[in-house]
1. Within the range 31-47, is even one residue over 25 Å from A106 (Cβ atoms) and either open to solvent by 20 Å² or more (accessible area, probe 1.4 Å) or modelled with pLDDT of 95 or more (or both)?
2. Restrict the check to the range 49-60 and report whether at least one residue is at pLDDT below 95, open to solvent by 10 Å² or more (accessible area, probe 1.4 Å) and not in a strand (DSSP E or B).
3. Looking only at strands (runs of 3 or more DSSP E) that fall completely inside the range 65-165, which ones have 1 or more residues that are touching a Phe, Trp or Tyr at 6+ places or on another chain (Cβ under 6 Å) and of a type in the set (G, A, S)?
4. Return the residues of the range 165-185 that are hydrophobic (A, V, I, L, M, F, W, C) and either modelled with pLDDT of 95 or more or surrounded by 16 or more Cβ atoms within 10 Å (Cβ to Cβ) (or both); say none if nothing qualifies.
5. For A158, state whether it is surrounded by 18 or more Cβ atoms within 10 Å (Cβ to Cβ), among the small types (G, A, S) and out of contact with any Ser or Thr (no Cβ under 9 Å at 6 or more places or on another chain).
6. Are there any pairs with C-beta distances below 8 angstrom linking a residue in the range 32-53 that is in contact (Cβ under 8 Å) with a residue 24 or more places away in the chain to a residue that is acidic (D, E) and assigned to a loop (DSSP other than H, G, I, E, B), with the two at least 6 apart or on different chains, and if so which?
7. Give the number of residues within the range 173-188 that are in contact (Cβ under 8 Å) with a residue 60 or more places away in the chain and assigned to a loop (DSSP other than H, G, I, E, B).
8. Is it the case, given these coordinates, that V79 is hydrophobic (A, V, I, L, M, F, W, C), touching a Lys or Arg at 6+ places or on another chain (Cβ under 8 Å) and over 16 Å from S125 (Cα atoms)?
Amino acid sequence: MSSDDSNSPPDGFLNGKLLIASPGIGDPRFDHSVILMCDHSAEHAMGIVLNKRVDGLRLPEVFKQLGVETTEDTIDRPVLQGGPVERQRGFVLHTNDFETIDSTLAVTADIGLSSTKDALDAMASNTPPRCAMLALGYAGWGSGQLEDELAANAWLVADADEALVFSTDIEGKWENALAVLGVTPEHLSGASGTA
């Protein structure tokens, strides 16, 4: 496999891209992870893991704990483990049909990130965002850390699309993300041991 950087934005920052863990990533916290990069600059990088669940925790339970009013139509979905940093903090990834001025970060043209109770209220309402997911915690990197991991081939980079990001097939996201690049896990496994 060539080290083609055609998927990387010209400025080298990966805002709105997917990071797909290579089999030899060497960090069990990110084994088979798919991360939506939400913010990337020279100083830091931040993303949400899209394919790890918080065991035994679902949205209705979080809504109840936080006093969020629900309706009969409130979605019942698992809660994601967004990453190892600030695991008690909630982040809502959502389609662009919801936003709060001053507190929604535009991740792509179609996807935003909010961390206010307003986003949870919207998810539980009769008019929720077209797609939304709650994650606890995030993946974070300091200056140069992510770049070093990319140089070591720990991550593959792919374009993010709404269907993959919000897919309810959480366990299948790693393979589905690889398929976007035209790569199969077997191909990666065979290639990961060669220098």
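The values are calculated or read from the model by the stated rules, or taken from the named source; none is laboratory data. These figures come from a predicted structure and were not determined experimentally. Cβ atoms come from the backbone with ideal geometry, glycine included; neighbour counts cover every protein chain shown. With ligands, DNA and RNA removed, areas are computed over all heavy atoms of the protein, side chains included. Shrake-Rupley method; radii C 1.70, N 1.55, O 1.52, S 1.80 Å.
1. Yes, there is a match, as at least one residue in the range 31-47 is over 25 Å from A106 (Cβ atoms) and either open to solvent by 20 Å² or more (accessible area, probe 1.4 Å) or modelled with pLDDT of 95 or more (or both).
2. Scanning the range 49-60 turns up at least one residue that is at pLDDT below 95, open to solvent by 10 Å² or more (accessible area, probe 1.4 Å) and not in a strand (DSSP E or B).
3. The qualifying strands (runs of 3 or more DSSP E) are 132-142.
4. V165, F166, I170, W174, A177, L178, V180, L181, V183, listed by residue number.
5. For A158, the condition - surrounded by 18 or more Cβ atoms within 10 Å (Cβ to Cβ), among the small types (G, A, S) and out of contact with any Ser or Thr (no Cβ under 9 Å at 6 or more places or on another chain) - is met.
6. N51/E171
7. Here the count works out to 2.
8. The answer is yes for V79.
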